[in-house]
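Data first, discussion second: the structure below is written as structure tokens.
The values are calculated or read from the model by the stated rules, or taken from the named source; none is laboratory data. As the structure is a prediction and not an experimental result, all values here were calculated from the model. Cβ: placed from backbone, ideal geometry, glycine included. Neighbour counts: every protein chain shown. Only protein heavy atoms, including side chains, enter the accessible area calculation; ligands, DNA and RNA are left aside. Shrake-Rupley method; radii C 1.70, N 1.55, O 1.52, S 1.80 Å.
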Amino acid sequence: MAVSFSDLHTEAGLKSLEEYLSGKTYISGDQLTKDDIKVYAAVLGKPGDEFPNASRWYDCVSSHLAARFPGKAAGVRTGGSKAAPAEEPKKDAAEGDDDDDLDLFGDETEEDKKAAEAREAAKTSTKKKESGKSSVLLDVKPWDDETDMKKLEEAVRSVEQEGLFWGASKLVPVGYGIKKLSIMMTIIDDLVSVDNLIEDYLTAEPINEYVQSCDIVAFNKI
């Protein structure tokens, strides 16, 4: 006969579990079963001292699970105003249990290991793809009106870094016959530091032969 528990996140629900476990070690029979796992999952935490039977049972299930999954836990919290039902509505035992094919305590196969490794690789790849990007507008100023602006732009574009992509540019008059280079670039934030790019490349040798200064005009996240 199926056993039903409800509201195991409440004191009333834990009381019903406490009464049921009187004189019992497990939910069904004399060894740990999937029934214990279902009820364990519905209990939000170890029952208090006022529920000795439920508390003893909770510790027993926890020790079995800890033995099967020895990895160090980082700590997880769950919340919600209402816990999920301990199990689905009653059904005749003759109908069978849809969980029969689930072996919580089965040995991990080589296929399982390969699948887990593939999932981890996919996660790592996704994280790299999701790295933030920014669009940056720079003003690059020459030393004087005699600076060859074509060579200045060629020198600027010669700077190559992983995650750096040069875009459109134009020359903008600033007065006294002097023009500045206004140039766009797109960067991957985790790979390129604009400040370092300016200090270590655009205003350093040999490019500083053409470039007097370089300023950030606009910086927008994409």
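A few comments on the model shown:
- Answer residue from segment 179-197, given it is touching a residue at least 24 places away in the same chain (Cβ under 8 Å) and assigned to a helix (DSSP H, G or I) and is farthest from residue 137 (Cα to Cα) among those: 197
- Of the numbered criteria (1) among the charged types (D, E, K, R); (2) assigned to a loop (DSSP other than H, G, I, E, B); (3) at pLDDT 85 or above, the one residue 77 fails is (3).
- Counted residues, segment 168-189 - those being loosely packed, with under 12 Cβ neighbours inside 10 Å and within 15 Å of residue 134 (Cβ to Cβ): 0
- If the condition is being modelled with pLDDT of 85 or more and surrounded by 16 or more Cβ atoms within 10 Å (Cβ to Cβ), then segment 9-35 contributes 13, 14, 16, 17, 18, 20, 21, 26, 27, 32, 34, 35.
- Cβ-Cβ under 7 Å pairs, at least 6 apart or on other chains, segment 112-134 side outside any helix (DSSP H, G or I) and at pLDDT 75 or above, far side charged (D, E, K, R) and open to solvent by 100 Å² or more (accessible area, probe 1.4 Å): 132/221; 134/221
- Within segment 164-178, the set of residues being among the hydroxyl-bearing types (Ser, Thr, Tyr) and part of a strand (DSSP E or B) comprises 169 only.
- Pairs linking a residue in segment 157-171 that is more than 15 Å from residue 217 (Cα to Cα) and in contact (Cβ under 8 Å) with a residue 24 or more places away in the chain to a residue that is among the aliphatic types (A, V, I, L, M) and exposed (fewer than 14 other Cβ atoms within 10 Å of the Cβ), with Cβ atoms under 8 Å and 6 or more positions apart or on different chains, are 161/191; 162/191; 163/191; 164/191.
- Scanning segment 4-31 for residues that are closer than 19 Å to residue 60 by Cα and of a type in the set (Ser, Thr, Tyr) yields a count of 6.
- Per the listing 141, 82, the residue uniquely open to solvent by 50 Å² or more (accessible area, probe 1.4 Å), of a type outside the set (A, V, I, L, M) and modelled with pLDDT under 75 is 82.
- Residue list for segment 152-189, restricted to those being farther than 21 Å from residue 200 by Cα and touching a helix residue (DSSP H, G or I) at 6+ places or on another chain (Cβ under 8 Å): 169, 171, 179
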